[in-house]
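**Student:** Quick one: structure below, then a few questions.
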Ligand code: CAA
């Protein structure tokens, strides 16, 4: 029987590469995508993505999910568990930026980023965690960022949320260990995605010049780490943060 992986923000830059990687690793994936006001158009775009990816119905299932909505997640993920029987792997990848210097940051930008990047971990993992524990097997991989480790000008909200992801993961790793559930973090550096391409070109060039490997990460490079942490080869790794940042920050 195929193992089942839930990937949040599956259509995004890194999420899309993780989706392809896990399907080629033999997983059936539940690919979640964000809720928008125009639900029909949203679904059409998700289907388009699915078709581009060439995933069949056994390999992938789409799911609209607002990861910031605690009640919706509890309801939909509870139902999903009933339908699929089990979730073997959760990849919390959904994330947003609302960059601004702190003096100018709105409360909305603060809360949107904390809700999407950190509170989502409670919302998504909580409805599924007990079943992983009962099965005495499960993998959770949370995507953080180099900017959780080093801080970043203009990202007090994002750095705080992504640092929270690391603390949360270490604590949950402690709790999951007795049930054979591992919890790990990947902290990518600047990766070639639409999110990074939004940064002003001159700022982006200055960031690149500070990266020892002088380039951004490729999405596939990040996806390979997900694949490894989900594999049997990583069965003794838990509570760990794997950096992939071209040397931008060395602990
Ligand atoms: N260190 C110190 N000072 C800096 C600075 C830095 N890194 N960057 C800018 N400043 C200074 C500027 O020189 C300027 O000073 P003056 O007022 O004296 O001229 C002041 O701070 C204001 O800077 P800006 O004019 O740039 O302010 P802005 O409002 O136009 O832009 C910003 C602010 C949007 C945060 C912009 O600086 C920016 O985009 N920075 C990059 C943020 C970033 O790295 N985001 C990562 C997104 S991708 C991601 O998050 C994925 C991941 O995990 C890595």
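**Student:** Run down 11, 37, 2 and say which single residue is part of a loop (DSSP other than H, G, I, E, B) and within 21 Å of residue 217 (Cα to Cα).
**Tutor:** Just one listed residue meets the conditions, 11.
**Student:** Something else about it: Are there any pairs with C-beta distances below 6 angstrom linking a residue in the range 152-168 that is over 17 Å from residue 102 (Cα atoms) to a residue that is more than 10 Å from the ligand (Cβ to nearest atom), with the two at least 6 apart or on different chains, and if so which?
**Tutor:** Within 6 Å, the pairs are 164/118; 165/142; 166/185; 166/241; 168/121.
One line per residue, one yes/no per condition, for (1) closer than 17 Å to residue 14 by Cβ; (2) part of a helix (DSSP H, G or I):
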| position | (1), (2) |
| --- | --- |
| 51 | no, yes |
| 56 | no, no |
| 63 | no, no |
| 67 | yes, no |
| 77 | no, yes |
| 81 | no, yes |
| 91 | yes, no |
| 94 | yes, no |
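**Student:** Assess whether residue 248 counts as being over 19 Å from residue 120 (Cα atoms), within 12 Å of the ligand (Cβ to nearest atom), surrounded by fewer than 16 Cβ atoms within 10 Å (Cβ to Cβ) and more than 17 Å from the chain's Cα centre (by Cα).
**Tutor:** no
**Student:** Exactly one condition in (1) in contact (Cβ under 8 Å) with a residue 24 or more places away in the chain; (2) under 22 Å from residue 194 (Cβ atoms) is not met by residue 86; state its number.
**Tutor:** (2)
**Student:** Of everything in the range 126-141 that's touching a strand residue (DSSP E or B) at 6+ places or on another chain (Cβ under 6 Å) and not in a helix (DSSP H, G or I), which residue is farthest from the ligand (Cβ to nearest atom)?
**Tutor:** Of everything passing the filter in the range 126-141, 138 is farthest from the ligand (Cβ to nearest atom).
**Student:** Further question: Could you grab me the full set of residues in the range 20-34 that are more than 12 Å from residue 89 (Cβ to Cβ) and part of a helix (DSSP H, G or I)? Before you say what the answer is, go through the steps one by one.
**Tutor:** Taking the range 20-34 first, the residues more than 12 Å from residue 89 (Cβ to Cβ) are 20, 23-24, 31-34.
Matches in the range 20-34: 20, 23, 24.
**Student:** Just checking, does the range 41-60 include any residue being at pLDDT below 95 and under 18 Å from the mean Cα position of the chain (by Cα)?
**Tutor:** No: the range 41-60 contains no residue that is at pLDDT below 95 and under 18 Å from the mean Cα position of the chain (by Cα).
**Student:** Just checking, does the range 196-204 include any residue being touching a strand residue (DSSP E or B) at 6+ places or on another chain (Cβ under 9 Å) and either surrounded by fewer than 21 Cβ atoms within 10 Å (Cβ to Cβ) or modelled with pLDDT of 95 or more (or both)? Spell out the reasoning first.
**Tutor:** Initially, the range 196-204 is screened for residues touching a strand residue (DSSP E or B) at 6+ places or on another chain (Cβ under 9 Å), giving none.
Within the range 196-204, not a single residue is touching a strand residue (DSSP E or B) at 6+ places or on another chain (Cβ under 9 Å) and either surrounded by fewer than 21 Cβ atoms within 10 Å (Cβ to Cβ) or modelled with pLDDT of 95 or more (or both).
**Student:** If I go through the range 130-148 residue by residue, how many of them are in contact with a helix residue (DSSP H, G or I) (Cβ under 9 Å, 6 or more places away or on another chain) and surrounded by fewer than 21 Cβ atoms within 10 Å (Cβ to Cβ)?
**Tutor:** Summing the residues that are in contact with a helix residue (DSSP H, G or I) (Cβ under 9 Å, 6 or more places away or on another chain) and surrounded by fewer than 21 Cβ atoms within 10 Å (Cβ to Cβ) in the range 130-148 gives 2.
**Student:** Then there is this: Can you name the condition, by its number, that residue 228 falls short on among (1) within 30 Å of residue 71 (Cα to Cα); (2) away from the ligand (no atom under 16 Å from the Cβ); (3) in a helix (DSSP H, G or I)?
**Tutor:** Unmet condition: (1).
**Student:** Oh, and also: Restricting attention to the range 62-73, does a residue exist that is surrounded by fewer than 18 Cβ atoms within 10 Å (Cβ to Cβ), in contact (Cβ under 8 Å) with a residue 24 or more places away in the chain and more than 25 Å from residue 114 (Cβ to Cβ)?
**Tutor:** Taking every residue of the range 62-73 in turn, none turns out to be surrounded by fewer than 18 Cβ atoms within 10 Å (Cβ to Cβ), in contact (Cβ under 8 Å) with a residue 24 or more places away in the chain and more than 25 Å from residue 114 (Cβ to Cβ).
The values are calculated or read from the model by the stated rules, or taken from the named source; none is laboratory data. Note that this is a predicted model, so its numbers are computed, not measured. Reconstructed Cβ throughout: ideal geometry from the backbone, glycine too, with neighbour counts over all protein chains shown.
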